[in-house]
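What follows draws every value from the coordinates through simple rules; no lab data is involved. What you see is a predicted model; the values in this text were computed from it and never measured. Don't worry about glycine lacking a Cβ; one is built from the backbone with ideal geometry, like all the others, and counts go over all protein chains shown.
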Amino acid sequence: MSLRTENTRWFIWSAAVFALDQVSKLAVIQWLVLKPLIVLTPWLNLRLGFNTGAAFSTLILVNGWQRWILSAFSMIVSVVLGVWLLELDEGYRWLKWGLALVVGGALSNMIDRLVRAQVVDFIDFHIGAWHYATFNIADSAITIGAIIIAIHIVFKKV
């Protein structure tokens, strides 16, 4: 295993995702506590939500063990992806972006689970009466990062 110290700078992006997500969650908790719905556009709202489960509110109805399992999973994934990021050769810029995004988002949602026992969600995308699952900046970073990683794995492009 050859760790490349020049790759540590990518953790700045992970930290930025983490900070942006945590600050946005603190802000929306303050803003939306009195008015739990703010309409931004005909298809986008800010709506305060709390998710004790996993993505798309799966595992929400179980009795609390999911908090610890999901937190441990987030930590393991972050460590594995972080080590992968450190080992990458030059030229894997897009893959490094993907890994940095997933690590920052996973750690931010993990902190929510550990500190609040639930993840704060607030982005409510909808078309008419149909609403997508409410999500947050960390979820967006994880999704975009996972897509980048998947494209790399499938096509081996950098």
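What is the extension gain from TRP65 to ALA16, computed as 0.36 nm multiplied by their sequence separation minus the C-alpha to C-alpha distance, in nm to one decimal?
Roughly 14.7 nm would be gained on extension.
How much length, in nm to one decimal, is gained on full extension between ALA72 and PHE155, taken as 0.36 nm per residue of separation minus their Cα-Cα distance?
Working it through step by step, the gained length comes to 26.9 nm.
Report P(r) for the range 7-155: all Cα-Cα distances, bin width 5 Å, range 0 to the bin holding the largest distance, values in whole percent.
2, 10, 17, 20, 19, 15, 10, 5, 2, 0
Pulled fully out, how much extra length does the chain show between VAL23 and ARG4, if you take 0.36 nm times their separation in residues and subtract their Cα-Cα distance?
3.8 nm
Can you sort THR52, THR134 from fewest to most other Cβ atoms within 10 Å of each residue's own Cβ?
Final ranking by Cβ density, sparse to dense: THR52, THR134.
With a 10 Å Cβ neighbour count serving as the proxy for reagent exposure, in which order, fewest first, do SER14, SER24 appear?
Sorted ascending by nearby Cβ count, the order is SER24, SER14.
Which FRET efficiency value, to the nearest 0.05, do you get for GLN118 and ALA146 by plugging their Cβ-Cβ distance into 1/(1 + (r/R0)^6) with R0 = 25 Å?
Approximately 0.65, to the nearest 0.05.
Among ALA16, ALA106, ALA27, which one shows the biggest mean-square fluctuation in a GNM of the chain, springs joining Cα atoms closer than 10 Å?
Judging by the Gaussian network model, the answer is ALA27.
Based on other C-beta atoms within 10 Å, arrange LEU107, LEU114 from fewest to most.
LEU114, LEU107
Summing Lys, Arg as +1 and Asp, Glu as -1, what charge do residues with Cβ under 13 Å from the Cβ of VAL33 carry, VAL33 excluded?
Residues near VAL33 contribute +3 overall.
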